[in-house]
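The values are calculated or read from the model by the stated rules, or taken from the named source; none is laboratory data. This one's a predicted model, so the numbers in the text were calculated from it and none came from an experiment. Counting neighbours? That spans all protein chains shown, and the Cβs are built from the backbone with ideal geometry, glycine included. Heads up: the accessible areas ignore ligands, DNA and RNA and are worked out on the full protein's heavy atoms, side chains in. Shrake-Rupley method; radii C 1.70, N 1.55, O 1.52, S 1.80 Å.
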Amino acid sequence: AGTNEFLSKLYPVHDEIHSTFDAENFRSYEYSKTLKEGRYRADEKIRFDHEAKKGHYESFLNKGKKTVDITQGTMDLVSAFYWFRSQNVKVGDQAKTSVASEEKAWLTEFWVLKIEKKIIRNKGAYHTFVVEPKTRLKGILYDRGQAWVYFTVDKTRTPIWITLKTPFGPVVGVLELANGALDI
């Protein structure tokens, strides 16, 4: 994620996240993130040992290391969204899973709020589930605001849009695939 040239002069954001996980069994293997948001910096990784039910966290900035307890199904933030896509949900439902981040495992709930038609300029119109992830996980969803992710209602449950409510104002994002099109 990154801000455009104009916004970078006000509040530069250059974030990179990598997630390696088993897409069939929904098990995370490794999650790393490098964040540069204004003056805030983070550069960390967590490796998952599901057999031992441990997550091995490491911060490359402060050289801190920590081992955290995880449950058998604990995921990282990216794989949790992938997992949500496989859930058979309808409006009013909530799906729960454990997400490891920030040196700890956190309960994360995905609340399916409504169905909404989302029109994306130069891409088309899509019927979507509006989903609000809720967690005590430190960061954007805990102390900085709220998020709503728009997943297509079809069987692919493709996330196509995200809206973040932050103290600095709203932020929106559109899923862009390598070929520049939404392939739904």
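Do we find that Ser86 is within 16 Å of Val149 (Cβ to Cβ), among the polar types (S, T, N, Q) and exposed (fewer than 15 other Cβ atoms within 10 Å of the Cβ) in this structure? Spelling it out, Ser86 is indeed within 16 Å of Val149 (Cβ to Cβ), among the polar types (S, T, N, Q) and exposed (fewer than 15 other Cβ atoms within 10 Å of the Cβ).
When region 10-50 is limited to residues that are outside any strand (DSSP E or B) and more than 20 Å from Leu164 (Cβ to Cβ), the one that is least open to solvent (accessible area, probe 1.4 Å) turns out to be His50. Would you check which residues across region 66-91 are among the polar types (S, T, N, Q), over 26 Å from Asp15 (Cα atoms) and at pLDDT 90 or above and list them? Once the filter is applied, which keeps residues that are among the polar types (S, T, N, Q), over 26 Å from Asp15 (Cα atoms) and at pLDDT 90 or above, region 66-91 yields Ser86, Gln87, Asn88. Only residues that are more than 16 Å from the chain's Cα centre (by Cα) and open to solvent by less than 30 Å² (accessible area, probe 1.4 Å) were counted across region 89-99, and they come to 1.
Within region 1-30, the set of residues being under 12 Å from Thr74 (Cα atoms), in contact with an Asp or Glu (Cβ under 9 Å, 6 or more places away or on another chain) and not acidic (Asp, Glu) comprises Phe21, Ser28, Tyr29.
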